[in-house]
Amino acid sequence: MFYVFASFILDLPRSVIEFRVSKSWIEENNIDISTIVLKRSHDRSWTSFATEITGEDEGYLFFEAEARTSPGMHLWKQK
């Protein structure tokens with residue numbers, strides 16, 4: 001199991017979502033960090049948002065994703 005900690009920086013009509021992913025989770029699950037992306041579920045379909053690494057510390061990689069503001073923007077998935 002992994003946890004996503006997200007903070008929203010609103011600058012409508014776009015928003016930036018910052019999140020972090022545990023390096024130990026990435027290693028334990030053999031994840032290629034280039035495949036980590038923030039997605040949104042809407043009408044039973046997942047939409048990917050442009051996601052980039054913004055930094056790291058001893059235990060986490062930090063990411064930022066630009067999310068398009070739209071109705072139903074409340075269910076998020078990290079893959």
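The values are calculated or read from the model by the stated rules, or taken from the named source; none is laboratory data. A quick note: this is a predicted structure, and the numbers were derived from the prediction, not measured. Neighbour counts are summed over all protein chains in view; Cβ atoms, including those assigned to glycine, are modelled from backbone coordinates with ideal geometry.
Anything in the stretch 12-51 that is touching a Phe, Trp or Tyr at 6+ places or on another chain (Cβ under 9 Å) and of a type in the set (Ser, Thr, Tyr)? List them, or say none.
Within the stretch 12-51, Ser15, Ser22, Ser41, Thr51 meet the criteria.
Quick one: Thr54 ticks every box in (1) at pLDDT 85 or above; (2) out of contact with any Phe, Trp or Tyr (no Cβ under 7 Å at 6 or more places or on another chain); (3) not hydrophobic (A, V, I, L, M, F, W, C) except a single one, so which number is it?
(2)
Within the stretch 27-51, work out how many residues are among the hydroxyl-bearing types (Ser, Thr, Tyr), surrounded by 13 or more Cβ atoms within 10 Å (Cβ to Cβ) and either more than 14 Å from Ala65 (Cβ to Cβ) or modelled with pLDDT of 90 or more (or both).
2
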